[in-house]
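Here's the structure, in structure tokens; my notes come after.
The values are calculated or read from the model by the stated rules, or taken from the named source; none is laboratory data. Keep in mind it's a predicted model, so treat the numbers as computed, not measured. All Cβ positions, glycine included, derive from the backbone under ideal geometry; neighbour counts span all protein chains shown. Surface areas here come from the heavy atoms of the whole protein model, side chains and all, with no ligands, DNA or RNA. Shrake-Rupley method; radii C 1.70, N 1.55, O 1.52, S 1.80 Å.
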Amino acid sequence: QTLTRGPYLQMGTQTAVTIRWRTDVPTVGRVTYGTSVSNLTGSTTEGVSTTEHEVRITGLTPDQQYFYSVGTTEGVLQQGPDNYFL
């Protein structure tokens, strides 16, 4: 799989955010997240295979910086210190 668009953030609130991205072939998307770029302990996985990925993360702590990676159930497509939200 190859990342063809994104990732980008949408609909951010004090305790939730939506992360979207696009892949060249249909896959089941997965986002891992955490408070340290080297310790992504939470994850959310899509229920269906698609090229237009949209994952909603809820239950976040307000005013906390989170780092995230996007990918599939088989591996990470993008991660790093620039992938974060507050």
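Only one of these conditions is not met by V48: (1) over 15 Å from N83 (Cα atoms); (2) open to solvent by less than 80 Å² (accessible area, probe 1.4 Å); (3) among the hydrophobic types (A, V, I, L, M, F, W, C). Which number is it? Just one mismatch for V48, condition (2).
So that you can scan it fast, the table gives a plain yes or no per residue for (1) over 10 Å from the mean Cα position of the chain (by Cα); (2) open to solvent by 40 Å² or more (accessible area, probe 1.4 Å); (3) farther than 21 Å from T2 by Cα:
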site: I57; (1), (2), (3): no, no, yes
site: Q65; (1), (2), (3): yes, yes, yes
site: G71; (1), (2), (3): no, no, no
site: N83; (1), (2), (3): no, no, no
site: L86; (1), (2), (3): yes, yes, yes
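Whenever a residue of segment 72-86 is within 17 Å of V17 (Cα to Cα), its partners that are open to solvent by 50 Å² or more (accessible area, probe 1.4 Å) and part of a loop (DSSP other than H, G, I, E, B), lying with C-beta atoms within less than 6 angstrom and at least six residues away or across chains, give the pairs Y84/Q65; L86/Q65. Scanning segment 47-86 for residues that are in a strand (DSSP E or B) and either among the hydroxyl-bearing types (S, T, Y) or in contact with a helix residue (DSSP H, G or I) (Cβ under 7 Å, 6 or more places away or on another chain) (or both) turns up T50, T51, Y66, Y68, S69, T72, Y84. The condition (being out of contact with any Leu (no Cβ under 6 Å at 6 or more places or on another chain) and at pLDDT 95 or above) is satisfied by just one residue among T32, T15, T51: T51. The set of residues from segment 25-45 being farther than 16 Å from L9 by Cα and either assigned to a loop (DSSP other than H, G, I, E, B) or open to solvent by 80 Å² or more (accessible area, probe 1.4 Å) (or both) comprises P26, V28, T35, V37, S38, N39, L40, T41.
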